[in-house]
Every structure is written in C-alpha cells, then in structure tokens.
Amino acid sequence: MEPIIKLEGINLYYDQGKPTEVWALRNVSLEINKGEYCAFFGPSGCGKTTVLYVLSGMESERVTSGKVLVNGRDIAQFSKRELAVFRQIGVGIVFQQFNLIPSISVLDNVSLPMAFLGISLERRRTEGMKLLERLNIAPYANRLPAELSGGQQQRVGIARALANNPPIIICDEPLGNLDSENANKVLEFMKELNVKDGRTIIMVTHEAWSLRDARKIFYMKDGVLLRVEEPKEQGDIAQAVSKLMYNQLNPNMEPGQVMAKSLSNLLLRGYSSDEVKRFEFFLLQRLTDHIDGDVFQEVLDRSYRRGGVGLWKGKAAKISFIIEGIMEQRHTVEQVYAMLEKNPESPLVEEAQKIRRWLLGEYRGKIDEQQQLRLDEIITERLRNIITAHNVAQVLNLSKKNFGIGLSMRASSQMSEKLESILAGSDAVTKAIKL
Amino acid sequence: MDKINILLVDDNEVIRIFFKDIFWLHGLEGQFHLEVAPGVDEAWAILRDSTKNINVVFLDLVMPFKKDGKEMTTSEAGMSILRTIKADPNLKHIKVIVFSGYTDKKDIEEAKKNGADMYLAKEEHLPQDLIKIFDSLAKQDSSVYQYSK
C-alpha cells in the first residue's frame, strides 16, 4: 500500500539568493506509512522542524525541488486554496508553546478550527466539549488559557488539533514546557491517538527520552537525513539513542563529549540553547576532571551574564549531586539516563508556576491573570539570576500600570524573602513545592 | 467490488476541494469514484453520460442558473435538478443527497417533496460526519437515507 507521506528529493532554502541564505533541507527523501508513529530526532537547527512545516503545507513556497506526496498527491504543487483546506482537515499540529489565543475561552480555542469550516456555533460547542472531556479538562471550558497550568494548556492544544478529525497529527517539541507528570500524560495520549484512533503521529524532538513510543526514527543533522531506525521494542530505543546514536550524529566526538551532550539536554529542559551549550561546556570540564565539584556547582549558580549557567541554588545543588554521583561512581551514566527518562527534569516554566502558586498561597489580596503572568516572569528572571532579590521586591511593589504587581511595601518584601528562601536551596521548602 | 460513483454539484470551489480532500485524506479513493461539477450545465453533462454511471449525487441548492433567458441564483437551481432526476425513468435510481448551506424547514420540506433521499446541512457536517455517511454508502446500507427506503 502506498505510504501516507512520501518526500522525494526535497531541497529547501531560507533567504535564497541573499547573504543570509540557508540550505535548510538537503535532498531529503523518506516514507511514512499510514498509522505509523514516527519521530524526527536531532540537535537544534538540524532541519527537523522545517520538515514538519513542509509536511503540513506551510513551506510550499520555499521548496525549490522535490515532491511532497500525501496519499499520492504532491502538496508542493497545490494552489493557495487547496493548501488552506489541507491545513484545515489534513493535519493537526501540537506546538511546544501551546499557541492558544489568550483572549478567548478554552472551549472557543478548541472549536476555532471548526469555525473555519463554517460549522454552526451549537455544533462547535457540542464537539468542543466532547474533545475537552476526552482530554479530561471539561471543567475548564469557560476559563481563559492563562488560568490553566502548562500541562492543561497543552491538552487544550491537543484537543484543538483533533477538532477537524485530521488523519495526521504533527507535534513540534510538544513536551518542552511540561513537567515530568504532564509530559508522560501527553505521551500516553499520543499513543492512544495512534493505537486507538489509527492516526499517523509525527513527532519532532531533541529529547531522547520522548522517543519511547516511536517505531520509526529519522535522524537528522544539518538538513540531511542521516539514518532511519525502526526499533522493535521500547528497550531498543533507550539503548539505540543514549550512546550509539549520539556517536552517529557526532562521529568525531570523544565519549566524554557525547555524555556531556546527551546529559545536558536531559538536565536543562526548557532553557535556551545558549544556556544548554554553556552548561554542556562546564559539564564536560567536570566529567573530564578539569574542574572539581565545588567549582562546578559555583559556576552553575553564577549568573549567565557573568559567565555562569545561571541556575538557581536549589537546581545547581541537585544537578551537582547527580554529576558527583557519576564521578564517585555511585551510579553509572546508564542509571542516570534511565532515571531521567522516567522522571524528566521539570522545565523552567513549570518551576516558576509552582513557585508562584506557593508564594501566593497565603496572600489575601486578589491577583488577576495578567499579574500572575508577570509574577511568573519575575520569578523566572530571579531563578536565572538575571535580577536581584532587591529588584524582585521593587517590581512587586511597582503599580500595575507600570507593569508591576502593585503589592504593598510590606507584602513585597515578605514575598521577596519567601522567594529567596527557595533559592537558598532549603530542602524543606523545595520538598513542599515538589520542585 | 465495483466502486460507487458519486457526483458533487456545488458552485463554491472551497466546498469542492473540501469534499474531494476527505476522500483523498482518509483513503476512500479505493471505494469511491468522485466526479465534481461547478454548476448546473456541467452537472447535466455528467448525469446524462451513461459511461459515468452516477450512483449518488450530493447536491447544492443555491447556484446560478438560467430561467427564461435570465440569470438567477436561487435554490431553484438545485431543486430543478432534483425533480428532473426523480422524474426521469433512466435516472430515478440515482440517490440524491441535498448538501446545502440552508437549514430552513421550508427548504427541507420542499426537498423531501421533490424526492430527495436525504438532506444535509453544511453547517452541521464535520469531516468525521461525512466519513460516517460515506462508510454507510460503501456498505450499501440504505438505512442512511432519511426519506427513502
């Protein structure tokens, strides 16, 4: 039977002809069968997200040669209208940043794709509620997206992707902003969409642990499809990816470098690629014993601006502890991988939200959604050591009009102190918030 | 098994693309052959062509047509096709499913009176609903037709 998706010799350029020209996809050919659960894996900039956008008909203008066959038809040749309809009913996309519309309710977000098909309001609402129920978030139907946690928002994103019943679901790094529990829930759900609904699932990820349900893995680097693997069982994936595939992707790397690269992605979820690169560098220094444990922990804690990684004390201590465990041979790297695969590190965004909820726990005043978002920002900046404790108190005290939170002088300094107690790495507090 | 031959008559290009895409995306092209007509005259060219052997028509109602030399755009366009099919001994075996953007009781009653086998409101039919209907057609399940036996 014909594959549901077939790329034949795809070449794609960004800014073609300009000095900033990038040859983003180089002669990529591949096949995906109907009902397959496959993944594109590789480092930032390897072209995996570009492939995704080509498959969803969003980059047809930039494809300079080759065919994008979906069930035998070349969508790279589609008219604007044909592409518009294909994007509505052919593919459902789930994004890392959720991409919900902040000013409309959760239910309206989910029903939006149906509105584009001209479906009546009543019908949209009925179908929308069915989808919310399936994703276990029906009680939040009339809330605004900002009132939901990251995990819940991602579920809204998934419900929306299912609205027009597309046979193909595309996920662009869907787990990057989710904590361990929610990330696992999303993976479970993707599997359900594949096994129960029979949909073709295509996931893009740079986190090896999220490949566990994929049965076909496309390895990409610098716009080239390096290799296709078809692991038969879950165990195969952990083995295949952890060491071997990193070697394949980086054949000239020393074992220490490979370890540093794969560990850094597992430990620093939700951080920018610059921060991850810097962490990788220092991690390598530690793994090859060029710096000792104390220096390593200090540098993790030091602000990014001053040359460090900019982690908050609690996180720096936790990571330092894990790495010292490897150095003192208390556990092997494989054990660390296994542990992190089962329990991925909490991404920065979730940590900030958890801290915010705890900080507001005893606060008697009213805080609206905008203030909550602002507070998340402030906490994140303090976690990264970009602003000082004093700055935090200042912004908490600043009026809402001036983009502060508008707390009293007393409440501001109390809340700032509370935040500092977490950053100092007090075990009791960290346990209480489950960080 | 023989393919089921479907004719879609609709003057809206997006509806024609949407309909065709559902067959394409959900792998139904093996069971069905789809013909598409953007207007009344093209519809008749296909209906009268015995080699096409149309089994089911999905029929839009409001389309441009000529009456007594004048151009009009009313539901009479679709209704007259419906009536003519049901009155013609060579064509009356064809199942006609009205697929319209209008949901007035008046239109539904008139369609039923003129012999429509089914009435579908566009605004109530998501891709998944149409797929269910196509499945019934493929299984030759005539209970899918609301109005005829």
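Points worth noting:
- Filter result for residue A:34 (more than 14 Å from every other protein chain (Cβ to nearest Cβ) and closer than 24 Å to residue A:187 by Cα): no
- Any chance residue A:59 is open to solvent by less than 60 Å² (accessible area, probe 1.4 Å), away from chain B (no Cβ under 14 Å) and farther than 30 Å from residue A:263 by Cβ: yes
- Filter result (buried (at least 23 other Cβ atoms within 10 Å of the Cβ) and more than 14 Å from chain B (Cβ to nearest Cβ)) within the stretch A:106-123: A:106, A:109
- Checking the stretch B:88-102 against the condition returns a match, with at least one residue being out of contact with any helix residue (DSSP H, G or I) (no Cβ under 6 Å at 6 or more places or on another chain), outside any strand (DSSP E or B) and under 27 Å from residue A:163 (Cβ atoms).
- Options A:386, A:422: the member that is touching a residue at least 60 places away in the same chain (Cβ under 8 Å) and either of a type in the set (S, T, N, Q) or assigned to a loop (DSSP other than H, G, I, E, B) (or both): A:386
- Boolean, residue A:131 is under 24 Å from residue B:125 (Cβ atoms), modelled with pLDDT of 95 or more, away from chain B (no Cβ under 14 Å) and open to solvent by less than 50 Å² (accessible area, probe 1.4 Å): no
Results for (1) in the same structural domain as residue A:422 (by TED's automatic domain parsing); (2) at pLDDT 85 or above; (3) in contact with a Lys or Arg (Cβ under 9 Å, 6 or more places away or on another chain); (4) closer than 18 Å to residue A:340 by Cβ, shown as yes or no for each residue.
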{"position": "A:273", "(1), (2), (3), (4)": "no, no, no, no"}
{"position": "A:280", "(1), (2), (3), (4)": "no, yes, yes, yes"}
{"position": "A:286", "(1), (2), (3), (4)": "no, yes, no, yes"}
{"position": "A:300", "(1), (2), (3), (4)": "no, yes, yes, yes"}
{"position": "A:303", "(1), (2), (3), (4)": "no, no, yes, no"}
{"position": "A:308", "(1), (2), (3), (4)": "no, yes, yes, no"}
{"position": "A:324", "(1), (2), (3), (4)": "no, yes, yes, yes"}
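- Complete set of residues in the stretch A:323-345 that are open to solvent by 20 Å² or more (accessible area, probe 1.4 Å), touching a residue at least 40 places away in the same chain (Cβ under 8 Å) and not in a helix (DSSP H, G or I): A:343
- Of the residues A:29, A:44, A:103, the single one that is touching a Ser or Thr at 6+ places or on another chain (Cβ under 7 Å), more than 14 Å from every other protein chain (Cβ to nearest Cβ) and open to solvent by 50 Å² or more (accessible area, probe 1.4 Å) is A:44.
- Under the condition of being open to solvent by less than 20 Å² (accessible area, probe 1.4 Å) and within 14 Å of chain A (Cβ to nearest Cβ), the residues counted in the stretch B:101-136 number 7.
- Every pair of residues 6+ apart whose Cβ atoms lie under 8 Å, when the first sits in the stretch A:41-69 and is modelled with pLDDT under 90 while the second is of a type in the set (Phe, Trp, Tyr) and open to solvent by less than 20 Å² (accessible area, probe 1.4 Å): A:41/A:218; A:41/A:219; A:42/A:219; A:57/A:86
- Matching helices (runs of 4 or more DSSP H) fully within the stretch A:252-322 where at least 3 residues are touching a residue at least 60 places away in the same chain (Cβ under 8 Å) and open to solvent by less than 20 Å² (accessible area, probe 1.4 Å): A:255-267
- For the stretch A:161-175, filtered to residues that are away from every other protein chain (no Cβ under 14 Å) and open to solvent by 10 Å² or more (accessible area, probe 1.4 Å), the residue that is farthest from residue A:208 (Cα to Cα) is A:172.
- Residue in the stretch A:41-61 that is of a type outside the set (Val, Ile, Thr) and over 27 Å from residue A:175 (Cβ atoms) present: yes
- When A:360, A:396, A:423, A:383 are checked against the criterion of being crowded, with 17+ Cβ neighbours inside 10 Å, modelled with pLDDT of 85 or more and not assigned by TED's automatic domain parsing to the domain that holds residue A:269, a single residue qualifies: A:396.
- Checked against (1) within 20 Å of residue A:151 (Cα to Cα); (2) crowded, with 20+ Cβ neighbours inside 10 Å, residue A:214 meets all criteria but (1).
- Here the condition is being over 25 Å from residue A:34 (Cβ atoms) and assigned by TED's automatic domain parsing to the domain that holds residue A:160; of A:107, A:83, A:117, it holds for A:107 alone.
- Single unsatisfied condition, residue B:142 versus (1) over 23 Å from residue A:115 (Cβ atoms); (2) among the hydroxyl-bearing types (Ser, Thr, Tyr); (3) within 14 Å of chain A (Cβ to nearest Cβ): (3)
The values are calculated or read from the model by the stated rules, or taken from the named source; none is laboratory data. Please read all numbers here as calculations on a predicted model, not as lab measurements. Positions of Cβ are backbone-derived with ideal geometry, glycine not excepted, and every protein chain shown enters the neighbour counts. Surface accessibility is based on the protein's heavy atoms, side chains included, excluding ligands, DNA and RNA. Shrake-Rupley method; radii C 1.70, N 1.55, O 1.52, S 1.80 Å.
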